[in-house]
Amino acid sequence: MEVIDLITSIYKTTQWADASAAADPRYRSAFEEKVAWEVTAKDAVLAHRRVIEVLARDADRGVAAAASRLLSLLSSC
């Protein structure tokens, strides 16, 4: 369950994208690598949606609830 919550946090993060957007245009390139990491992390979560769907049907209610919350987030984006 904690791992699914961590994956949810990784998917939701926009720390570097937000910082880049707020930065002076002269410094935005300094954030490119970190922003790219955020995009890659989101893509990795999306690529494993089927696994999350299986976990949402898990017998462990905690696991199922955490996976369902993540699926809901994926659907809203």
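The values are calculated or read from the model by the stated rules, or taken from the named source; none is laboratory data. These numbers were taken from a predicted model, which means no experiment stands behind them. Here Cβ is always computed from backbone atoms with ideal geometry, including for glycine, and neighbour counts include all displayed protein chains. What goes into the accessible areas is simple: the full protein's heavy atoms, side chains included, and nothing from ligands, DNA or RNA. Shrake-Rupley method; radii C 1.70, N 1.55, O 1.52, S 1.80 Å.
Can you tell me which residue within the stretch 8-18, out of those that are in contact with a helix residue (DSSP H, G or I) (Cβ under 6 Å, 6 or more places away or on another chain) and not hydroxyl-bearing (Ser, Thr, Tyr), is least open to solvent (accessible area, probe 1.4 Å)?
Once the filter is applied, the top-ranked residue is Ala17.
Output the qualifying pairs, or none if there are none: Cβ atoms under 9 angstrom, residues six or more apart or on different chains, first residue in the stretch 53-77 and farther than 14 Å from Met1 by Cβ and touching a residue at least 40 places away in the same chain (Cβ under 8 Å), second residue small (Gly, Ala, Ser) and crowded, with 16+ Cβ neighbours inside 10 Å.
Pairs that qualify, where the first residue is farther than 14 Å from Met1 by Cβ and touching a residue at least 40 places away in the same chain (Cβ under 8 Å) and the partner is small (Gly, Ala, Ser) and crowded, with 16+ Cβ neighbours inside 10 Å: there are none.
Specify the residue that is least open to solvent (accessible area, probe 1.4 Å); the eligible residues are those in the stretch 34-77 that are within 18 Å of Thr14 (Cα to Cα) and among the β-branched types (Val, Ile, Thr).
Among residues in the stretch 34-77 that are within 18 Å of Thr14 (Cα to Cα) and among the β-branched types (Val, Ile, Thr), the one least open to solvent (accessible area, probe 1.4 Å) is Val45.
Does Arg26 count as charged (D, E, K, R), loosely packed, with under 13 Cβ neighbours inside 10 Å and in contact with a helix residue (DSSP H, G or I) (Cβ under 8 Å, 6 or more places away or on another chain)?
When the stated conditions are applied, Arg26 does not pass them.
Could you list, ordered by first residue, the pairs with Cβ atoms under 6 Å in which the first is in the stretch 27-44 and aliphatic (A, V, I, L, M) and the second is assigned to a helix (DSSP H, G or I), at least 6 apart or interchain?
Short answer, once both residue conditions are applied: Val35/Trp16; Val35/Ala17; Val35/Ser20; Ala41/Ile10.
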